[in-house]
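K.L.:
What follows is a structure written as structure tokens; I'll ask about it next.
Each value in this text was obtained by applying a stated rule to the coordinates, not by laboratory testing. This is a predicted model, so every value here is computed, not measured. Cβ placement follows ideal geometry from the backbone for every residue including glycine, while neighbour counts extend to all protein chains displayed.
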Amino acid sequence: MTDLPKCDLLAKYDPLIAEHAGLLSSGIRDPFGIVMDKVISPTEAIIKGKHTILLGTYNYMGMTFDPDVVAAGQAALRDFGAGTTGSRVLNGTYQTHKECEDALKDFYGTAHAMVFSTGYQANLGMVSTLAGKGDFIILDADSHASIYDGCKMSNADIVRFRHNDVVDLEKRLKRLPPEAGKLVVLEGVYSMLGDIAPLKELIAVAKAHGAMVLVDEAHGMGFFGANGRGVYEEAGVADDVDFVVGTFSKSVGTVGGFCVSNHPKFEILRLVCRPYTFTASLPPAVMACAATSIRKLMTAHDKRARLWDATRRLHGGLKARGFRLATETPESAIVSVLMPDQETTARMWSALIELGVYVNMSRPPATPAGVFLLRCSICALHTDAQIDTVLGLFEQAAHHTGLSLAQAA
Ligand SMILES: Cc1ncc(COP(=O)(O)O)c(C=O)c1O
């Protein structure tokens, strides 16, 4: 085990290993090695002994510590045990899984709901199972890795269109054989820049060319639309969306993924979708937490309003202090701060964590080429005082790092 083989398969990662080591040797903290020693609430944790404001957890509705959610999980843990040890199609479907799927059907007003073990697997499974040999998958260039991986796993032909570009989507659809099966894959909110998709226009084009449409609402569920279903609900295009994919790891506050649909043949997917069939189902405690959280989100109107208030406060405050933001106005509960280069991004991120603010650092390939970001995600439970503290600390971090800020607007 100690001698490296002649052909080391990990050698291809040497440039990345060197880059990472170079970053750490400059004395900054590892942005990808954070450990939460203690989580105090959805907005605060102790990290390396320091009290830290959490501003990068996608816990939009703050459901992780909701007393009803926690109690439901505890009861299911007691009554059903720690795990199912089996696939959904064998011994891994418990009453709790059915209750969670019922909660999803009620939340989305759909006939069908299928729970996967993660949102990643939901996209992997849906995209690869819907589109097969001879079909086309048409996806936004900025799509999440799980959508790209679903494309790779399918035997379909892949066509990318420029991010959120309706004209480019139309141009590419026009070139495809009219009779071929087509799946257009979109996201409600794009999580890197925090911008939303012009779903009405994109979906109109997709439908005009006979495509089926799948929308990933990972970052829209809980607070977009009258019922919190997502950007597609707010855009008024629910009747034209064939499949909605989502995750429990953001607004719902636990772990898991799902797809909902009204398609009459939807249930057959349980037998043919490999990332659903060939993996163990989620523990019953997780299902009970998710079901309770989803039902509470149906009426969380005050929390939604609060989330938008806090988002506007952060976006407006950063802009007023001269930070360059990825969107002119707050489009979602993700506020992305544009950075000039990798080194400044890393130093800014490190200064913020030392000062007690946790945000996400993002760089290519997760971001579009040449785009470096500090991504902030806001929680409905962030107080105005916390947002104001964060704004002050962003200013201090910029000062420490020598990041030049634009003239205050
Ligand atoms: C747009 C999008 N889709 C899917 C996922 C995957 O979700 P999960 O964390 O449940 O695997 C994510 C998570 O980051 C995401 O941002």
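K.L.:
Nearest 10 degrees, 0 to 90: what angle lies between the long axis of helix 284-297 and the longest principal axis of the chain (Cα atoms)?
P.N.:
80
K.L.:
In addition: For the chain, what proportion of DSSP beta bridges, expressed in % and rounded to the nearest 5, is antiparallel?
P.N.:
Numbers: 30 of 49 bridges.
DSSP beta bridges in the chain are roughly 60 percent antiparallel.
K.L.:
Could you check the spin-label model distance between D14 and D384? Points 7 Å from the Cα along Cα→Cβ, value in nm.
P.N.:
5.8
K.L.:
Hey, which of these cross-link pairs are over 24 Å Cα-Cα: K38/K250; K296/K319; K171/K207; K250/K296; K171/K319; K98/K296?
P.N.:
Values: K38/K250 19 Å; K296/K319 34 Å; K171/K207 14 Å; K250/K296 14 Å; K171/K319 36 Å; K98/K296 17 Å.
Where the Cα-Cα span goes over 24 Å, the pairs concerned are K296/K319; K171/K319.
K.L.:
Can I ask one more? Tell me the relative contact order for the chain as a rounded percent, counting alpha carbon contacts under 8 Å between residues six or more apart.
P.N.:
Working: 829 pairs, mean separation 90.7, N = 409.
Here the relative contact order equals 22 percent.
K.L.:
Reachable lysines from K6, Cα under 17 Å, same-chain residues fewer than 8 places away excluded?
P.N.:
The reachable lysines, counting only those whose Cα sits under 17 Å from K6, number zero.
K.L.:
Which lysines have a Cα lying under 16 Å from the Cα of K133, excluding residues fewer than 8 positions away in the same chain?
P.N.:
Partners within reach: K152, K182.
K.L.:
Please determine, in degrees from 0 to 90 and to the nearest 10, the orientation of helix 199-208 with respect to the longest principal axis defined by the Cα atoms of the chain, where the helix direction is its Cα long axis.
P.N.:
30
K.L.:
Multiply the residue gap between D168 and I40 by 0.36 nm, knock off their C-alpha separation, and tell me the result in nm, one decimal place. Each step should come with its number before you reach the end.
P.N.:
On the way: separation 128, 0.36 × 128 = 46.08 nm, distance 4.63 nm.
In short, 41.4 nm is gained.
K.L.:
Could you tell me the largest-minus-smallest coordinate of the C-alpha atoms of the chain on each of the three principal axes, in descending order and whole angstroms?
P.N.:
Between the extreme Cα coordinates on each principal axis of the chain lie 58, 58, 55 Å.
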